[in-house]
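Participant: Sharing a structure below in structure tokens format, with a few things to ask.
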Amino acid sequence: MELGLGVRNLDGHAVVDVKGEIDVYTAPKLREKLIELVSEGSYNVVVNLEAVDFLDSTGLGVLVGALKRVKAHDGTLSLVCTQDKILKIFKITGLTKVFPIHDSVEEATKQSG
């Protein structure tokens, strides 16, 4: 499965729209994009997971790594996710305590930053 990545700017936030599956094969593409955004000065990032069908531990690792990168610049990394199967992964791993998870991109950009 191919991973689709789109980046847009909304209210001073870099919004990364992710589509497809985030796994051991596609996670490096997401990691590169998030590193690129931070190195370009985007420290308030919203990762939109609404169109993600699958997320494994490699994908979680990429998101945690990106969170550490933006926090080093006093930034924020918020997630947008309403799918139970993806939310369940964050709940099981305890990452709901680490990431702010929102129901919409608009909500995420208003609450952080």
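Participant: Scan (1) of a type in the set (S, T, N, Q); (2) touching a residue at least 24 places away in the same chain (Cβ under 8 Å); (3) surrounded by 13 or more Cβ atoms within 10 Å (Cβ to Cβ) for the single condition residue 96 breaks and write down its number.
Facilitator: (2)
Participant: When the residues of region 55-88 are filtered to those that are out of contact with any Ser or Thr (no Cβ under 9 Å at 6 or more places or on another chain) and either β-branched (Val, Ile, Thr) or at pLDDT below 95 (or both), which remaining residue is farthest from residue 34 (Cα to Cα)?
Facilitator: Checked region 55-88; the qualifying residue farthest from residue 34 (Cα to Cα) is 86.
Participant: What are the residue pairs meeting all of these: first residue in region 52-77, first residue within 13 Å of residue 99 (Cα to Cα), second residue modelled with pLDDT under 95, Cβ atoms under 6 Å, and 6 or more apart or on different chains?
Facilitator: 76/112; 76/113
Participant: Moving on. I'm checking my understanding of the structure. Among residues of region 102-113 that are surrounded by 15 or more Cβ atoms within 10 Å (Cβ to Cβ) and outside any helix (DSSP H, G or I), which one is modelled with the highest pLDDT?
Facilitator: Of everything passing the filter in region 102-113, 102 is modelled with the highest pLDDT.
Participant: In region 32-52, which residues are within 22 Å of residue 85 (Cα to Cα) and more than 10 Å from the chain's Cα centre (by Cα)?
Facilitator: Looking only at region 32-52, we keep the residues that are within 22 Å of residue 85 (Cα to Cα), and these are 46-52.
Of everything in region 32-52, those that are within 22 Å of residue 85 (Cα to Cα) and more than 10 Å from the chain's Cα centre (by Cα) turn out to be 50, 51, 52.
Participant: If you scan region 7-51, which residues turn out to be of a type in the set (Lys, Arg) and either in contact (Cβ under 8 Å) with a residue 60 or more places away in the chain or closer than 14 Å to residue 65 by Cα (or both)?
Facilitator: Taking region 7-51 and keeping what is of a type in the set (Lys, Arg), we get 8, 19, 29, 31, 33.
Scanning region 7-51 gives 29, 31, 33.
Participant: If you check residue 7 against the conditions, is it of a type in the set (Val, Ile, Thr), surrounded by fewer than 19 Cβ atoms within 10 Å (Cβ to Cβ), modelled with pLDDT of 95 or more and farther than 20 Å from residue 58 by Cα? Show your work before the answer.
Facilitator: Numbers: of a type in the set (Val, Ile, Thr): yes; surrounded by fewer than 19 Cβ atoms within 10 Å (Cβ to Cβ): yes; modelled with pLDDT of 95 or more: yes; farther than 20 Å from residue 58 by Cα: yes.
Here the answer is yes, as residue 7 does meet what is asked.
Participant: Hey, another quick one. In region 75-93, what residues are crowded, with 19+ Cβ neighbours inside 10 Å, of a type outside the set (A, V, I, L, M) and in contact with a Leu (Cβ under 7 Å, 6 or more places away or on another chain)?
Facilitator: 81
The values are calculated or read from the model by the stated rules, or taken from the named source; none is laboratory data. Since the structure is predicted, the reported quantities are computational estimates derived from the model, not experimental observations. For neighbour counting, all protein chains shown are included, and Cβ atoms are generated from backbone atoms with ideal geometry for every residue, glycine included.
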